[in-house]
Amino acid sequence: MQILSIIIPCYNEEETVELFYRETEKIHNQLGKYYFEYIFVNDGSTDNTLKKIKNLANIEKNVHYLSFSRNFGKEAAIYAGLKRATGDYVTVMDADLQDPPELLIEMLRIIHSDDFDCVGARRISRQGESIVRSWFAKKFYQLINKIGEVEMVDGARDFRLMTRPMVNSILELSEYNRFSKGIFAWVGYNTKYLTYENKERIAGKTSWSFWGLFKYSIEGIINFSETPLNIASFIGAFSCFASIIAMIFIVLKTLIFKDPTSGWPSLVCIILFIGGIQLLCLGILGKYISRIFLETKKRPIYIIKEQDDHEWNNK
Ligand code: UDP
Ligand code: MG
């Protein structure tokens, strides 16, 4: 029997854990010939999530869990789950049922019959989301696809079915600053996307604030693009060039018209302008350096405080 590992990052999901399991088990029963291995990763929840997961694991022997010592973020939870997964196929799903489990049937069919290593899910609508948020999301994808080193598909979720070789490749990217959307794209492999209409959470609330998402998108750009650095260099070169032109202009003007040079207001403006640009470029540089700093410390990506004592992989 083939094993499908399902990784579920959970942060304050006490209301959804059980619902998620029940809904996905329905699909499991329909599919029959696969063994579903659930790996719930409790990402330092402050509510009763861990308790709910433990209860479930006590009853169901295909439920496993890892519990972090604090909130390390979804990316860390995905990585921990991927490391633990023993399946021939592995998928990552949100606990809130926004990733429809029924898609798994089609995903498994495609990965078996066609020549794909990965089948992802992509939402084609963002209904239920605020207009501002959707707009920024759209702009982010346009930007990252223009300047990034990998292609990221708009609306693609972390929900994807991957084959073992692809999972192993992802595990080789053990960087500390993880941006999964980029990592999935970076490893390559043939990916097909299934589309579906956006679903709203069944219960609980989203843990992503607008500001949180904004910072996350900056993370994506810094991790997968050098364009900001090139822009900084370009601005530097351009302002050098402009200043040479200005110098020639002033010298000629003084020589020809014998104009006494006047104007400290313009000077102040120029100094402020150049100062601003310098700080901006330093800031961009600083962002990259801070990534290097974090990366060289080689801190663990997550710390596991507790885990289940089930025998793994008992088909
Ligand atoms: N999540 C997590 N750690 C975090 C934030 C979120 O493990 O720090 C999980 C969360 O429990 C959920 C998934 O990541 O299963 C997606 O989060 P959410 O539904 O809040 O995001 P949205 O769907 O609104 O983008
Ligand atoms: Mg969600």
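The values are calculated or read from the model by the stated rules, or taken from the named source; none is laboratory data. Quick caveat: nothing in here was measured; it's all calculated off a predicted structure. So basically every Cβ, Gly included, is an ideal-geometry build from the backbone, and we count neighbours across all protein chains shown. For the accessible areas, the whole protein counts, side chains as well, though only heavy atoms, and no ligand, DNA or RNA atoms are used. Shrake-Rupley method; radii C 1.70, N 1.55, O 1.52, S 1.80 Å.
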If you take the Cα atoms of the range 149-308, find Rg, then find the Kirkwood Rh from the mean of 1/r over all pairs, what is Rg/Rh?
1.18
First compute the accessible area of the chain with a 1.4 Å probe, then give the percent of it belonging to carbon and sulfur atoms.
60 percent
Treating every alpha carbon of the range 3-95 as one equal point scatterer without solvent, the Debye formula yields log10 I(q)/I(0) values at q = 0.13 Å⁻¹ of -0.37
Under 13 Å, Cβ to Cβ, from W186 - net charge with Lys/Arg +1 and Asp/Glu -1
-2
How much accessible surface area, in Å² rounded to 10, belongs to the heavy atoms of K51 with a 1.4 Å probe?
130 Å²
In a Gaussian network model over the chain where Cα atoms closer than 10 Å are linked, find which of C240, C281, C118 has the largest mean-square fluctuation.
C240
Say a site is exposed when it is one of the GluC sites (Glu not before Pro), sits in a DSSP loop, and has at most 16 other Cβ atoms within 10 Å; what is then the longest site-free stretch of the chain?
227-310
Please list the radius of gyration and Dmax for the chain, considering alpha-carbon atoms only, with Å as the unit.
25.3, 93
Taking N as the number of residues in the range 114-185, what is its Cα Rg relative to 2.2 N^0.38 Å?
1.24
When we measure straight from the Cα of K181, which aspartates and glutamates land under 15 angstrom away, once same-chain ones fewer than 8 places off are left out?
E75, D94, E149, E151, D154, D158, E219
Once the Cα atoms of helix 17-31 and of the chain are each reduced to a long axis, what angle between those two axes, in degrees from 0 to 90 to the nearest 10, is obtained?
70 degrees
Relative contact order of the chain, please, whole-number percent, based on alpha carbon pairs below 8 angstrom and at least 6 residues apart.
23 percent
Those trypsin sites (Lys or Arg not before Pro) in the range 274-304 that DSSP places in a loop and that have at most 11 other beta carbons within 10 Å:
K298
Is it possible to state the helix-based mean residue ellipticity at 222 nm for the chain, with each DSSP H run of 4+ residues giving -39500 (n - 2.57), the sum divided by total residues, to the nearest 500 deg cm²/dmol? What is it?
-17000 deg cm²/dmol
Everything considered on the Cα gyration tensor (a ≥ b ≥ c; rounded for a/c under 1.5, else prolate if a/b is larger than b/c, else oblate), the range 63-123 must be described as prolate
Non-local amide H neighbours of E306 (under 5 Å, H modeled in plane, Pro and chain starts lacking H): which ones?
S67
When the solvent-accessible surface of protein heavy atoms is calculated with a 1.4 angstrom probe, in what order do Y288, Y11 fall, highest first?
Y11, Y288
